[in-house]
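A short write-up of the structure that comes next.
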Amino acid sequence: MFAVATWGVALFLSAVLLIGWVVYVAISVFSKRSHKEVGAELELAPNRKPYYDDEQLEGPRLERVQLFGLLTLAVIVIALPLYWLFEPSRQAGAREKGSAQLAKWGSELFATTAQGGFNCAGCHGGMKATGGAAPYTITDKTTGAVRAVTWNAPALNTVLYRFSEDEVRYILVYGRQFSPMSPWGIAGGGPMNDQQIDSVIAYLKSIQLPAEKCPSGVNLCEGGTLPKQKQDEIQKAIDAALADGSAKSEGEAIFNLTLDSGAYSCARCHTNGWSYGNPLVSGGGALGPNLTAGGEVRQFPNAEDNLSFVQTPPEQGKKYGQQGQSTGRMPAFGSYYNAEQLAALITYIRSL
């Protein structure tokens, strides 16, 4: 609001100065043209007219100049603090407006092909990205047989809970190999330039579910968790898996959670075939490493270290566990699950 007011005042003052200058030029031209008699220029020329005498120059004339200087100083004294006070809000308003414009461009890129976009919405569950499905072709490396499958495309309205902005950018630019998620950035061989990628990320920010434990008016923050409604949906899905026998423990139910097309599950990355309804060995490895035969226990002899890694994995290039180096592909689950749920998940993973 302050930014708009400041901009309006600046425009008004600019208009006043411009009008004043035009009036001054017009008066000067008219004044010169009104004295057409011969020799009038001798009287009107500034360098030929007698100037003020000492009494006038050092009296009223000097006082007027001093008064003008005092008024100018007063304007500066008032204007500079006002500028200093309003500048932060002006900058914030400019950033907010810029982010809104970037998100608008991102929404146009995110839209379906029919709407002129790159069809992100077509796979990920509409413009709110609540989870969807994408057609994909699987080729058997042994037999060469080809078959069409429907791949679960995860919800993206919580993607910034599990990945940092840089990690999301990396995924967008380079895609997810061996899945329908193709590279979209120029560096990865896709069609989008850096500004378009930034625009898509700005749009994703705008559709994130508002987090719990954040200051008022802040959508996402460090330490924020999924809104209670979504937490209740997750718990309901866990209870349903236990009730129908598809999971023998809470940890197994979380590992294979299908809610929102697997956005909160581990199996989507660690179980080959899980994403298209043909799971092979649970935790046997796919995009993520093999967790079976005690692989997780060997990497993390201490269960506490294992829990810390699942809660908040290190950024790309940093080490973890005994001999691990982070690729940045492991999502953070600390904002999804509470302490008891994470403990159950770690127990299940370490039992594989």
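Just so you know, all these numbers are worked out from the coordinates, no wet-lab data involved. Remember, predicted model here, so these are calculated numbers, not experimental data. Reconstructed Cβ throughout: ideal geometry from the backbone, glycine too, with neighbour counts over all protein chains shown.
Some observations on this one:
- Over segment 299-352, all Cα pairs binned in 10 Å intervals from 0 give whole-percent P(r) values of 25, 55, 20, listed from short to long.
- Size of segment 87-149 as Cα extents on the principal axes (Å, biggest first): 67, 25, 19
- Table column - 3J(HN,Hα) (Hz), segment 246-254, Karplus curve with 6.51, -1.76, 1.60, x for Gly and Pro: 6, 9, 8, 8, 4, x, 5, 4, 5
- Assuming charge only on the beta carbon of Lys and Arg (+1) and of Asp and Glu (-1), the dipole of segment 296-352 about its Cα centre is about 220 debye to the nearest 20.
- Helix 194-206 vs. the chain, principal-axis angle (Cα, 0 to 90°, nearest 10): 80 degrees
- Crossing angle, helix 165-174 versus the chain [Cα axis fit, 0-90 degrees, rounded to tens]: 70 degrees
- Segment 256-271 - phi-based ³J(HN,Hα) in whole Hz, Karplus 6.51/-1.76/1.60, Gly and Pro as x: 10, 4, 8, 4, 6, 6, x, 4, 10, 9, 9, 4, 4, 9, 9, 10
- Rounded tilt (10° steps) of 339-349 against the dominant C-alpha axis of the chain: 50 degrees
- Each residue, residue 318 and residue 332, gets one label point 7 Å from its Cα in the Cβ direction; the gap between the two is 0.9 nm.
- Placing pseudo-labels 7 Å out from each Cα toward the beta carbon at residue 147 and residue 231 gives an inter-label distance of 4.1 nm.
- In the chain, the inverse of the mean reciprocal separation of distinct Cα atoms equals 25.7 Å; this is its Kirkwood hydrodynamic radius.
- FRET efficiency, 1/(1 + (r/R0)^6) with R0 51 Å, evaluated for residue 65 and residue 176 via beta carbons: 0.10
- Modelled spin labels at residue 113 and residue 15, positioned 7 Å past Cα toward Cβ, are 5.0 nm from each other.
- Spatial separation of Cα centroids for segment 165-243 and segment 84-163, in angstrom: 8 Å
- For the chain, the list of Cys residues with no other Cys C-beta under 4.7 Å reads 120, 123, 266, 269.
- Residues residue 23 and residue 77, FRET efficiency given R0 of 30 Å [Cβ-Cβ distance, rounded to 0.05]: 0.60
- Between residue 179 and any residue 5 or more places off or on another chain, the built amide H atoms are never under 5 Å apart.
- Residues whose amide H falls under 5 Å from that of residue 285, counting only those 5 or more places apart or on a different chain, are 271, 272, 291, with hydrogens built in the peptide plane.
- Only Lys, Arg, Asp and Glu carry charge here, each on its Cβ (+1 for the first two, -1 for the last two); on that basis the chain has a dipole of about 760 debye about its Cα centre.
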